[in-house]
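Asks: Before I ask anything, let me first share the structure, which is written out below as structure tokens.
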Ligand SMILES: Nc1ncnc2c1ncn2[C@@H]1O[C@H](COP(=O)(O)OP(=O)(O)O)[C@@H](O)[C@H]1O
Ligand SMILES: [Mg+2]
């Protein structure tokens, strides 16, 4: 199944560790680029494994199995940041190309390491400390005041691993070490996505607004409405600087807090295609998935230009309907412009199981239509 001799001359092979929806959407771009695509999945029912014939099932902690898989590809990239550092380092030491590199990825996988590194770069951030024990946590709380934000340095996603700490009693419940941050009074959350190649070419997408509910992104508005051009340039330059300094290859997403009059503050980094860039599949000349593949293969990058004045992306979060396909009948009939991206995942409450894109020029209209469709698919409304 992995024989290279079956492939036409020159066909590069990309291998992805992890087989979630990001790998699944990379597979679409790989197909269009004529690139062979292989995934290392945890299970045959993983999102990307369902659509990718070249699937190896194994554990990411099994360095020997990952190494065997990596030997069949030209470059390894990642579907998520939870790939064990030891596995990545082993691959790198064995001479296998891994993008983003093990050295870069730790600043996305470990929020404390990220804060430390960004401090050295002088990037604007909320006040923070990595508290090793309750004493240090208490000291920070007295300096900054409650409420605070506590974060598990590693392993969190979609708000899991982030807690609001109201008082000392709650501080007492934390497991150490923990990243503590000032709770920022922001006006909204923004994100900027940059793609960088080994040739040091970089493209930056327009800054977007990410609308969040309970720590989970519900909508992305591209471009961020009413963002001053100087602010957009500030965000894009910050992303360019971070990508270059951290030597990121592939997509880098920088999540930001817009504090209005104050500076844009960096929340966190991701080094893989990111939810804030799903709109690019239908609203930009080149999608983030295609540009990620181009970058890791060191191909020239594609234009990040928008193809419509506005694109709205809505996440489909699992609701009461286990059957998403059935809901499409109503949604597609009601709105023929709707672009559907379902991940083939089993519906669980609040799990991201797909997203929808709409392009146009009337932001409020697009937002309403997106909200209607995601609410219908989740079962919050029935007509
Ligand atoms: N310092 C902070 N101040 C205020 N809100 C925050 C802060 N840090 C995180 N949040 C809120 O929690 C959400 C999730 O935090 P984040 O660090 O991005 O975790 P995740 O890895 O789950 O995305 C953010 O999108 C934001 O809404
Ligand atoms: Mg986040």
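No value in this document is a laboratory result; all are computed from the given coordinates. Predicted model only: the values in this text are computed from it and were never measured. Because the Cβ atoms are built from the backbone with ideal geometry, glycine has one as well, and the counts that use them run over all protein chains shown.
Asks: For region 290-383, just list the percent of Cα-Cα distances falling in each 10 Å bin from zero outward, please.
Replies: Using 10 Å bins, I get a P(r) of 16, 40, 27, 15, 2 for region 290-383.
Asks: Another question, if that's okay. What value in Å³ per residue do you get for the convex hull of the alpha-carbon atoms in region 337-376? Walk me through the numbers on the way to the answer.
Replies: On the way: hull volume 2.8 nm³, N = 40.
Looking at region 337-376, the number lands at 71 Å³ per residue.
Asks: Shifting gears a bit: Scattering from the C-alpha atoms of region 127-182 alone, worked out with Debye: what is log10 I(q)/I(0) at q = 0.25 1/Å?
Replies: -0.96
Asks: Normalising by the residue count of the chain, find the relative contact order in percent from Cα pairs under 8 Å and 6+ residues apart. Before the final figure, lay out the partial values.
Replies: Numbers: 806 pairs, mean separation 49.3, N = 383.
Once divided by the residue count of the chain, the mean separation gives 13 percent.
Asks: Let me check against my output: what whole-number percent is the relative contact order of region 127-182, with C-alpha pairs under 8 Å and at least 6 apart?
Replies: Dividing the mean separation by the residue count of region 127-182 yields 53 percent.
Asks: Please express the Cα-Cα pair-distance distribution P(r) of region 4-98 as a list of whole percents, one per 5 Å bin, running from 0 to the bin with the greatest distance.
Replies: Once binned at 5 Å, the Cα pair distances of region 4-98 give 3, 15, 27, 26, 18, 9, 2.
Asks: So, by mean Cβ neighbours within 10 angstrom, what's the order for 216-228, 329-341, 171-183 with the highest one leading?
Replies: Working: 216-228: 19.2, 329-341: 13.7, 171-183: 16.7.
Highest to lowest by the protection proxy: 216-228, 171-183, 329-341.
Asks: Could you compute Rg(Cα) / (2.2 N^0.38 Å) for region 188-315, with N its residue count?
Replies: On the way: Rg = 13.5 Å, N = 128, 2.2 N^0.38 = 13.9 Å.
That ratio works out to 0.97.
Asks: Let me ask something else. Just how many % of Cα pairs in region 96-168 lie over 16 Å apart, if you round to the nearest whole percent? Before the final figure, lay out each step's value.
Replies: Details: 1521 of 2628 pairs.
When every Cα pair of region 96-168 is considered, 58 percent fall beyond 16 Å.
Asks: Given the chain reduced to its alpha-carbon atoms as identical point scatterers, what log10 I(q)/I(0) does the Debye formula return at q = 0.12 Å⁻¹?
Replies: Taking Cα atoms of the chain as identical point scatterers yields -0.96.
Asks: Based on a Kirkwood Rh over C-alpha pairs, give the Stokes-Einstein translational diffusion coefficient of region 148-252 at 10 °C and viscosity 1.306 mPa s in µm²/s. Don't jump to the answer; show the numbers that get you there.
Replies: Working: Rh = 15.9 Å.
Result for D is 100 µm²/s.
Asks: Can you give the extra length, in nm with one decimal, that the chain gains between residue 50 and residue 332 once fully stretched, where that is 0.36 nm per residue apart less the Cα-Cα distance? All intermediate terms of the calculation are to be shown ahead of the outcome.
Replies: Details: separation 282, 0.36 × 282 = 101.52 nm, distance 2.34 nm.
Value of the extension gain: 99.2 nm.
Asks: May I pose another question? Which order do the peptides 89-96, 127-134, 237-244 take when ranked by the mean count of other beta-carbon atoms within 10 Å per residue, highest first?
Replies: Details: 89-96: 14.6, 127-134: 16.9, 237-244: 19.2.
The peptides rank, most packed first, as 237-244, 127-134, 89-96.
Asks: Another question about this same structure. Could you grab the Rg to Rh ratio for region 225-383? Cα atoms only, Kirkwood for Rh. Mind showing how you got there, number by number?
Replies: Numbers: Rg = 17.3 Å, Rh = 17.4 Å.
Here Rg/Rh amounts to 1.00.
Asks: Mind jotting down a quarter of the surface of the convex hull over the alpha carbons of region 254-297, in square nanometres, one decimal? Each step should come with its number before you reach the end.
Replies: Numbers: hull surface 15.6 nm².
Taking the Cα atoms of region 254-297, their convex hull projects to 3.9 nm² on average.
Asks: A follow-up question, please. Place the peptides 291-301, 247-257 in order of packing, highest mean first, counting for every residue the other Cβ atoms within 10 Å and averaging per peptide.
Replies: 247-257, 291-301
Asks: Where Rh is the Kirkwood radius over the Cα pairs of region 69-223, the temperature 10 °C and the viscosity 1.306 mPa s, what D in µm²/s does Stokes-Einstein return?
Replies: Details: Rh = 17.9 Å.
Stokes-Einstein gives a translational diffusion coefficient of 89 µm²/s.
Asks: For every helix of n ≥ 4 consecutive DSSP H residues, a contribution of -39,500 (n - 2.57) applies; sum these over the chain, divide by its total residues, and give [θ] at 222 nm rounded to the nearest 500 deg cm²/dmol.
Replies: On the way: 12 runs with 121 residues, N = 383.
Helix contribution divided over all residues of the chain: -9500 deg cm²/dmol.
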